[in-house]
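These notes are about the structure you will find just below.
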Amino acid sequence: MDIASKLGAATRRLCRELAPLSFGAPVTHVYNPLVHARRPHNAYLRRYGNSTRRVIFLGMNPGPFGMAQTGVPFGDVAMVRDWLEIEERVTRPEVEHPKRPVLGFDCTRSEVSGTRLWGALRDHFKRPEHFFADHFIANYCPLIFIEETGRNRTPDKLPAHEREPLFEACDRHLQRLVRILEPQWVIGIGAFAQTRAEANLTDGPQPPRIGRILHPSPANPHAQKDWGKKAHAELVEQGVCTPRRGRASSRRTSRTR
């Protein structure tokens, strides 16, 4: 089984493990883009998850106008369609919040975090193949939690009796992801993802190194200006990237694990 197929199998296993979980108020709707947007997500894995990676960037969970619509982490519609060149049919969740419809690639709303992240990568690497030669982007949790008002609720804000089984399933998936892709680095996009990586990936004979970059969320005041430059500076400081030309080193180190 090739690496993209292994990632697809791991994704399906995660969906099976998440299916029995239930969530109560204030959450009224839960979307799983790995189900209703599985076609573009599978296209993402086939095209860009077809070999081991030096660096995995790890987000928290999908946004309502990003991965919820496209099945791609941080997947702002325009970025996924025009830069990643992925556009596949997306279905609707079985129970849909009237204020958060899933329109797939017909969605006209922009996912600010995705625009910043993929836009910075596009400006730096020019072609997605150049970025994915050494890197991959995934989310820790694939579920979107929506309150009655339409507000997004992040996984860390769930009550303990809901959060713990969710995290157990997502932890196992993260460990499987790392076994498949064999990264040297796992970089949390924000503090939450870094914390989950540190909690799950520090054992073993040669675990990946854990780091963090600034989250590109519009709710983060530090991300409002020059997010890409700030994130790159953090990567250079941690030793993930070389400062020369601002590009992550394309030279692969030998893998001995």
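The values are calculated or read from the model by the stated rules, or taken from the named source; none is laboratory data. Computed from a predicted structure; not experimentally measured. Quick reminder, even Gly has a Cβ in these numbers, built from the backbone with ideal geometry, and neighbours come from all protein chains shown.
For segment 110-152, which positions are part of a strand (DSSP E or B) and farther than 14 Å from SER217 by Cα?
Let us first name the residues in segment 110-152 that are part of a strand (DSSP E or B), namely 135-139, 144-147, 152.
Residues satisfying the conditions are HIS135, PHE136, ILE137, ALA138, ASN139, ILE144, PHE145, ILE146, GLU147.
For segment 1-10, the set of residues classified as touching a residue at least 12 places away in the same chain (Cβ under 8 Å) and part of a loop (DSSP other than H, G, I, E, B) consists of ASP2 only. Consider segment 25-70 and keep the residues that are assigned to a loop (DSSP other than H, G, I, E, B), among the small types (Gly, Ala, Ser) and within 23 Å of GLY188 (Cα to Cα). The one that is farthest from the chain's Cα centre (by Cα) is SER51. Here ASP76 meets the list (1) surrounded by fewer than 22 Cβ atoms within 10 Å (Cβ to Cβ); (2) within 28 Å of GLN184 (Cα to Cα) almost entirely, failing just condition (1). Among the residues of segment 164-185, are any of a type in the set (A, V, I, L, M) and surrounded by fewer than 16 Cβ atoms within 10 Å (Cβ to Cβ)? No, segment 164-185 has no match at all.
Applying a threshold of 9 Å to beta carbon distances and a minimum spacing of six or more residues, or different chains, the list of pairs starting in segment 11-34 at a residue that is at pLDDT 95 or above and ending at one that is among the polar types (S, T, N, Q) and crowded, with 16+ Cβ neighbours inside 10 Å reads THR11/ASN42; CYS15/ASN32; LEU18/ASN32; ALA19/ASN32; PRO33/GLN69; PRO33/THR70; LEU34/THR11. Please indicate, with yes or no, whether at least one residue in segment 130-142 is touching a helix residue (DSSP H, G or I) at 6+ places or on another chain (Cβ under 9 Å), among the charged types (D, E, K, R) and either at negative phi or surrounded by fewer than 18 Cβ atoms within 10 Å (Cβ to Cβ) (or both). No. Within the bounds of segment 219-239, is there any residue that is touching a strand residue (DSSP E or B) at 6+ places or on another chain (Cβ under 7 Å), over 23 Å from GLU17 (Cα atoms), in a loop (DSSP other than H, G, I, E, B) and at pLDDT 95 or above? No, that holds for no residue.
Does PRO93 qualify as being in a loop (DSSP other than H, G, I, E, B), touching a Phe, Trp or Tyr at 6+ places or on another chain (Cβ under 6 Å) and surrounded by 18 or more Cβ atoms within 10 Å (Cβ to Cβ)? Spelling it out, PRO93 is indeed in a loop (DSSP other than H, G, I, E, B), touching a Phe, Trp or Tyr at 6+ places or on another chain (Cβ under 6 Å) and surrounded by 18 or more Cβ atoms within 10 Å (Cβ to Cβ). Exactly one of (1) modelled with pLDDT of 95 or more; (2) under 30 Å from GLU168 (Cβ atoms) is unmet by GLU94. Its number? With respect to (1) modelled with pLDDT of 95 or more; (2) under 30 Å from GLU168 (Cβ atoms), GLU94 is out only on (1).
Test PRO98 against the criterion of being closer than 15 Å to LEU34 by Cβ and either out of contact with any helix residue (DSSP H, G or I) (no Cβ under 9 Å at 6 or more places or on another chain) or buried (at least 19 other Cβ atoms within 10 Å of the Cβ) (or both), and give yes or no. When the stated conditions are applied, PRO98 does not pass them.
The listed residues are THR91, THR154, THR115, and the only one of them that is β-branched (Val, Ile, Thr) and without any contact (Cβ under 8 Å) to a residue 40 or more places away in the chain turns out to be THR115. Exactly one residue out of GLY59, GLY49 is out of contact with any Pro (no Cβ under 8 Å at 6 or more places or on another chain) and either at positive phi or buried (at least 17 other Cβ atoms within 10 Å of the Cβ) (or both), and it is GLY49. Against the conditions (1) closer than 24 Å to ARG13 by Cα; (2) out of contact with any Leu (no Cβ under 9 Å at 6 or more places or on another chain), GLN206 satisfies every one except (1).
The condition of being on the phi > 0 side of the Ramachandran plot and either among the aliphatic types (A, V, I, L, M) or buried (at least 19 other Cβ atoms within 10 Å of the Cβ) (or both) holds for only one of GLY239, GLY190, GLY204, that being GLY190.
So which residues in segment 107-131 are more than 16 Å from the chain's Cα centre (by Cα) and of a type outside the set (Lys, Arg), if there are any at all? If the condition is that a residue be more than 16 Å from the chain's Cα centre (by Cα) and of a type outside the set (Lys, Arg), then CYS107, THR108, SER110, ASP123, HIS124, PHE125, GLU129, HIS130 are the ones that fit.
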